[in-house]
Amino acid sequence: MASTHVNPTRMELTKLKKKLSTARRGHKLLKDKRDELMRQFLILVKENMQLRKEVEEGILHANENFALARAMMQEEFLDAAMMVPKQEVYLEASTKNVMSVEIPNFEYHTKSSDLSDIYPYGYAFTSGDLDDAVHSLSVVLPKMLRLAECEKGCQLMAAEIEKTRRRVNALEHVLIPDMMEKIKYIMMKLDENERSTQIRLMKVKELVLKDALEERKRKE
Amino acid sequence: MYRVAVLGDRDSTYGFGALGLTVFPVEEEEEAKRVLKELLKEDYAIIYITEYYASKLSSLLDSHKNIALPVILPIPGIAGNTKNGVTRIKKMVEQAVGSDIIFREEM
C-alpha cells in the first residue's frame, strides 16, 4: 500500500527505519497504557455500579420518608423546619493522576461530626418521620460523594481508553504496515539499482576486455 | 474549599438542605438551565441534578463530560428512578470496552 510516492534513496530509507522503530515503541507503550487503564477502569466501574445502586435505593428510601413527613406535617412548619440548615459540608477537591487521566478526588468535612446533631429544627413542631427522613438521607450522603468521584473517574477513563484504543489501532493497522511497505519498496528499488549497476559494469568490463584482446592480437 | 449543590424540583431536593448541601429548587427547564450555568461558574465541586432535569439539559451536561471539575451527577428525584444512572454506567463500559460485557445480564 505504498500509496504516496517515496524517493527510493538511502536517506529516505534511514529516515523511514527510524520512524518505524519509533512507531513500534509508541505502539507498545500505548498498548500498555490501554491495558492498564482498562484494568483500573473495570475495578472502578464495578464499584461505581454498586454505589449507584446503593445510592438510588437510599434516595428512594429517604424520599419515601420525606413523603410520610410531608403527609404528617403542615407545609409551613416543614418549610420553617428546613429553612436554616445546621450542618454544612465542605469539600476538599484534588485530582489524582491515573495513567495520565486526571480523576477527581474528594475529601469532605462536615461542620459538626456528630450525626445526631444535624437536625436543623427543634423537635416540638415536627413529626418523627422528618427525623427519620433526614437521618436516612444523611446515611446516603457519604456514598453520594464517593459516587460523584467514582462516576466522573469512570467517565474520564472511558473517554481516554477510547482515544488510546483508536491510536493503538491506527498505529497497528495503518501506520506501521504502511511504513513497512514503503521500506520494502525502497529496498527493492535500491537492490534493483545495484543489480543493474553491476550488470552494466560487467558489460563494460567485457567490452574493454574484448577491445584489449583485439588490440593485442593486432600487435602480434 | 468547594461546596456541593443540589438542583431539581423542590420536593426532591429540600431534604438535602438539612445535610448542609446548597439547594437550588427550580420549577421549569429554562430556570434550571440558567441556574446550572450560574453554578458552573462558581466553586461547586459537585452538582447533583435530578434525573428529570438532567435529561432536559443533556446537551449542557454533555459539554462538561470531559472536564474533571465540577462533577455533574444525576440522581433520582421524587418522581422515581428512571434507570438513567445505570444506563449511564453501561454506556461508559460500552465506550471503553466496545461492548457491554460486564453488566449485560443486569437490567
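Counting lysine pairs in the stretch A:122-219 that sit 8 or more residues apart in sequence, or on different chains, and whose Cα atoms lie under 24 Å apart gives 7.
The C-alpha atoms of chain A define a longest principal axis, and helix A:10-72 lies at about 10 degrees to it. Let me make sure I get this right: for the stretch A:2-65, a, b and c are the square roots of the gyration tensor eigenvalues over alpha carbons, sorted descending. Under 1.5 in a/c it's rounded, otherwise prolate if a/b > b/c, else oblate. Which is it? Because a/c hits 1.5 or more and a/b exceeds b/c, the stretch A:2-65 counts as prolate. Between B and A, buried accessible area from a 1.4 angstrom probe totals roughly 4400 Å², ignoring ligands, DNA and RNA. For the stretch B:3-97, give the percent of accessible area contributed by carbon and sulfur heavy atoms, probe 1.4 Å, rounded to a whole number. Carbon with sulfur: 48 percent of the solvent-accessible area. If you fit an axis through the alpha-carbon atoms of helix B:84-97 and take the longest principal axis of the Cα set of chain B, what angle between them do you get, 0 to 90°, nearest 10? Helix B:84-97 sits roughly 50 degrees off the main axis of chain B. Over chain A, dividing the summed -39,500 (n - 2.57) contributions of all DSSP H runs of at least 4 residues by the number of residues returns a 222 nm mean residue ellipticity of -26500 deg cm²/dmol.
Which net charge results for the neighbourhood of A:F66, defined as the other residues with beta-carbon distances under 12 angstrom from its beta-carbon, given Lys and Arg at +1 and Asp and Glu at -1?
Values: positive: A:R70, B:R10; negative: A:E64, A:D129, A:D131, A:D132, B:D11.
Net charge around A:F66: -3.
For A:K17, the aspartates and glutamates whose Cα falls under 13 Å of its own Cα, not counting residues fewer than eight places away in the same chain, are A:D178, A:E181. When the solvent-accessible area of chain A is split by element, carbon and sulfur atoms take up 56 percent of it, the probe being 1.4 Å. For chain A, the longest principal axis of the C-alpha atoms and the axis of helix A:176-219 are separated by about 10°. Taken over the protein assembly as shown, the alpha-carbon convex hull comes to 169 cubic angstrom per residue. Annotation: amide H of B:I78 within the under-5 Å range of B:S12, sequence separation 5 or more or interchain, hydrogens built in the peptide plane. Spacing of the modelled spin labels on A:L213 and A:S21, each 7 Å from Cα toward Cβ, amounts to 4.9 nm.
At the listed q of 0.10, 0.14, 0.18, 0.22 Å⁻¹, the Debye profile of the stretch B:3-97, built from one uniform point per Cα, gives log10 I(q)/I(0) equal to -0.25, -0.49, -0.80, -1.17. Each Lys and Arg contributes +1 and each Asp and Glu -1, all at the Cβ; summed about the Cα centre of chain B, the dipole is approximately 260 debye. Dipole orientation for the stretch B:13-69: of the candidates B:L61, B:G20, B:T50, B:L61 has the Cα lying most toward the positive pole (charges on Cβ; Lys, Arg +1; Asp, Glu -1).
Keeping all protein chains in place, calculate the accessible area per residue for the stretch A:20-68 (probe 1.4 angstrom), answer in Å².
About 54 Å² of surface per residue is accessible.
Over the stretch B:3-97, accessible surface divided per residue gives 42 Å², non-protein components excluded, 1.4 Å probe. By a 1.4 Å probe calculation restricted to protein chains, A:M180 has an accessible surface near 90 Å², given to the nearest 10. Taking a straight Cα-Cα cut-off under 15 Å and skipping sequence neighbours fewer than 8 places away in the same chain, the aspartates and glutamates within cross-link reach of B:K90 are A:E47, A:E151, A:E162, B:D100, B:E105, B:E106.
The values are calculated or read from the model by the stated rules, or taken from the named source; none is laboratory data. Values in this document were obtained by computation on a predicted structure and should not be read as measured data. Cβ coordinates were reconstructed from backbone atoms using ideal geometry, including for glycine residues, and neighbour counts include every protein chain displayed. In case anyone asks, the SASA skips ligands and DNA or RNA and just uses the protein heavy atoms, side chains included. Shrake-Rupley method; radii C 1.70, N 1.55, O 1.52, S 1.80 Å.
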